[in-house]
Amino acid sequence: MFSFRMTNGGKSTLSRSLHQQIPNSCIIAQDSYFKDDSAVPEDSNGFKQYDILDALHMDTMMSDVDSWRRDPETFLRQRGLGPERTTPSADREVFVLIVEGFLIFNYRPLNELFDKRYFIQIPYDVCKRRRSSRVYTPPDPPGYFEGHVWPMYLKNRQEMESIVSGIVFLDGLKPKEELLAAVCKDVCQEIERLREKD
């Protein structure tokens, strides 16, 4: 299992590109597990707290991850992604789950499962610009990025760095092709290691 984290850092784009390059892979995206807007709490400034674990159905996400771990072939078929034979039948086929999200390393039960961890980092001004160009439902209220999103990112990152090791930090300002090539090489080496392990 491989993972990517950083809000508006390009994790979804990199995950999709990696999925296209890696046979027998699929993606589970944390953004798919948000609770209904009415269930998301507000902070003292009236900002919806989407950047906390309580805003997400993490139990459902873990259930899907566990389903993949139990039977990745069936998991792929259920999503219309038939398994591809990439090795001789006598060799062990390796299935790859790509998990991407902004709080995946802060949820210990999930974080403990990863073979590789990648964190795409970008500076404040780039993150703000990218976020302002995206359309959210509901839309961000005025001051939401400065008053909530970025402070929560810093808080969650500090917590992450205090409990998680083995993270590969990627420069989100580098060309997408360069990032993809580096991660793809690293992941392919890990796949070979896992294949040879058995």
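The values are calculated or read from the model by the stated rules, or taken from the named source; none is laboratory data. Here the structure is a predicted model, which means the values were calculated and not measured. Here the Cβ is made from the backbone with ideal geometry for all residues, glycine too, and neighbour counts use every protein chain on show. Areas reflect the complete protein model, heavy atoms only, side chains present, ligands, DNA and RNA absent. Shrake-Rupley method; radii C 1.70, N 1.55, O 1.52, S 1.80 Å.
If you go through the stretch 172-198 one residue at a time, how many are closer than 29 Å to Leu53 by Cα and exposed (fewer than 12 other Cβ atoms within 10 Å of the Cβ)?
Counting residues in the stretch 172-198 that are closer than 29 Å to Leu53 by Cα and exposed (fewer than 12 other Cβ atoms within 10 Å of the Cβ) gives 0.
Are any residues in the stretch 127-159 open to solvent by less than 60 Å² (accessible area, probe 1.4 Å), in contact (Cβ under 8 Å) with a residue 60 or more places away in the chain and part of a helix (DSSP H, G or I), and if so, which ones?
Cys127, Arg131, Tyr144, Gly147, His148, Val149, Met152, Tyr153, Asn156 - these are the residues of the stretch 127-159 that are open to solvent by less than 60 Å² (accessible area, probe 1.4 Å), in contact (Cβ under 8 Å) with a residue 60 or more places away in the chain and part of a helix (DSSP H, G or I).
State the number of residues belonging to the stretch 130-146 that are more than 17 Å from Gly46 (Cα to Cα) and of a type in the set (D, E, K, R).
3
Which of the residues that make up the stretch 160-171 are in a helix (DSSP H, G or I) and open to solvent by 70 Å² or more (accessible area, probe 1.4 Å)?
Glu161, Ser162, listed by residue number.
Counting only residues that are among the small types (Gly, Ala, Ser) and assigned to a helix (DSSP H, G or I), which one in the stretch 47-84 is least open to solvent (accessible area, probe 1.4 Å)?
Looking at the filtered set, the residue picked out is Ala55.
Across the stretch 134-187, what is the number of residues that are hydroxyl-bearing (Ser, Thr, Tyr) and under 23 Å from His19 (Cβ atoms)?
Matching residues across the stretch 134-187 total 0.
I'd like the residue in the stretch 87-127 that is basic (Lys, Arg) and at pLDDT 90 or above and, out of all such residues, is farthest from Leu56 (Cα to Cα).
Lys116
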